[in-house]
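Chemist: Would you mind keeping the following structure in view while I ask a few things?
Each reported figure results from applying straightforward, stated rules to the coordinates on display, with no laboratory input. Treat the numbers as computed from the prediction; the structure is a model and nothing was measured. Neighbour counts run over all protein chains shown; Cβ positions are idealised from the backbone, glycine included.
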Amino acid sequence: MELRERLKLLIRNTIHPTLKERGFKKRNHHFYRPLADVGWTFQVQSSKYNTRDFLQFTLNMGIYVPQWARLTGQTVSDFPKEYQSLWRERVRGDHWYELTPGTELAALRREIARDLQEQVIPFFERLSGLPPLLEEMLEAYRMGRLSVYAGKDIAILLTLSNRREEAADLLKRVAAYCREDDTVIDHIRQHRFQRLKELADKLGISL
């Protein structure tokens, strides 16, 4: 059996049942479950370096926010992919599973099942709505784990959460940084500032 077929069996027999129990719908290697104000996205991603005799894949999780997508000029999807999510993580940080002709499939199934129960499902249960997502992003921002420009996305969530003063303060700080950002050339900086201004107008914030 080809490795790609073995991967399909792993998805069908190990991953899909676990996610289906929790309300996910499946399209190829993508899964999605809509909630009230966010959606859960999941993807089985294959490596672009796979060969006939060596296959790697990983598990990606994401939180999609339809109102954020609309405010940032994206087309709101009824089945968004993980890469379209606002908040994204990969299983065990950046873990890739391996499939070869000699792989013991039972052991690999147990490994994936454990990661689903210990990492994937807790990730989604922790971020089941806008408030916990906002707090997680704010904490990451305060700790410097996100770029300064991620503040614009957090400002959107603050606005959606009726924390307008905090949103305005944060977006103004991002705009001030953008004006002085000497790490990019002028036309990129100007383009970024224009996008910030357009977003501020949508949110009713004056820069």
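Chemist: Among 189-197, 169-177, how do they line up by average Cβ neighbours within 10 Å per residue, starting with the highest?
Modeler: Averaged packing, sorted descending, gives the order 169-177, 189-197.
Chemist: Right, here's the next one. Can you tell me the equivalent ellipsoid semi-axes for the stretch 60-109? Use √(5λ) from the Cα gyration tensor, largest first, whole Å.
Modeler: Largest first, the stretch 60-109 gives 34, 11, 8 Å.
Chemist: From the Cα gyration tensor of the stretch 152-192, with a ≥ b ≥ c the square roots of its eigenvalues, which class applies: rounded if a/c is under 1.5, or else prolate if a/b is larger than b/c, or else oblate?
Modeler: prolate
Chemist: Just subtract the alpha-carbon distance of L9 and R92 from 0.36 nm times their residue separation and send over the number in nm, one decimal.
Modeler: 27.7 nm
Chemist: Let me ask something additional. Over the Cα atoms of the chain, what Rg and Dmax result, in angstrom?
Modeler: 19.8, 61
Chemist: For a Förster distance of 30 Å, can you work out the FRET efficiency between the beta-carbons of D53 and S77, rounded to the nearest 0.05?
Modeler: For R0 = 30 Å, the calculated efficiency reads 0.25.
Chemist: I've got another one for you. Rounded to whole Å, give me the distance from the Cα center of the stretch 58-117 to that of the stretch 174-203.
Modeler: Each part's Cα centre sits 31 Å from the other's.
Chemist: Student exercise: in the chain, how many lysine pairs 8 or more apart or on different chains have Cα atoms under 28 Å apart?
Modeler: Close lysine pairs under the 28 Å cut-off: 20.
Chemist: If you line up the Cα atoms of the stretch 28-105 on their principal axes, what length do they span on each, largest first, in Å?
Modeler: 48, 21, 19
Chemist: Using +1 at the Cβ of each Lys and Arg and -1 at the Cβ of each Asp and Glu in the chain, identify which of P131, N13, A155 lies farthest towards the dipole's positive end.
Modeler: Sorting the options by dipole projection puts first N13.
Chemist: As a footprinting exposure proxy, order Y83, Y141, Y49 by other Cβ within 10 Å, with the fewest listed first. Write out the running numbers ahead of the final one.
Modeler: Values: Y83 12, Y141 17, Y49 8.
Starting with the residue having the fewest Cβ neighbours, the order is Y49, Y83, Y141.
Chemist: Continuing with this model, one more query. Against the longest alpha carbon principal axis of the chain, how many degrees, from 0 to 90 and to the nearest 10, is the axis of helix 164-180 turned?
Modeler: So the helix axis and the longest Cα principal axis differ by about 90 degrees.
Chemist: Given +1 on the Cβ of Lys and Arg, -1 on the Cβ of Asp and Glu, and no further charges, what dipole in debye does the chain carry about its Cα centre, rounded to the nearest 20?
Modeler: 540
Chemist: Determine the principal axes of the Cα atoms in the stretch 131-203, then give the extent along each, sorted from largest to smallest and rounded to whole angstroms.
Modeler: Principal-axis extents of the Cα atoms in the stretch 131-203, largest first: 36, 27, 14 Å.
Chemist: Considering only D78, D186, D153, give the residue with the highest GNM mean-square fluctuation for the chain, with springs between Cα atoms whenever their separation is below 10 Å.
Modeler: D186
Chemist: If we count every other residue with Cβ under 12 angstrom of K152's Cβ, Lys/Arg +1 and Asp/Glu -1, where does the sum land?
Modeler: Once all neighbours under 12 Å are counted, the net charge is +4.
Chemist: May I ask you to compute the full-extension gain from E139 to R70, defined as 0.36 nm times their residue separation minus their alpha-carbon distance, rounded to one decimal in nm?
Modeler: Working: separation 69, 0.36 × 69 = 24.84 nm, distance 2.42 nm.
Working it through step by step, the gained length comes to 22.4 nm.
Chemist: Also, quick follow-up: Using a Gaussian network model of the chain whose springs link C-alpha atoms within less than 10 Å, name the residue from E165, E82, E104 with the highest mean-square fluctuation.
Modeler: Highest fluctuation among the options: E104.
Chemist: Could you give the angle, 0 to 90 degrees to the nearest 10, between helix 151-160's Cα long axis and the longest principal axis of the Cα atoms of the chain?
Modeler: 80
Chemist: Here's another thing I want to ask about it. Along the charge dipole of the stretch 131-203, pointing to its positive end and built from +1/-1 on Cβ of Lys, Arg, Asp and Glu, which listed residue (G144, L196, A167) has its Cα farthest out?
Modeler: Towards the positive end, the residue furthest out is L196.
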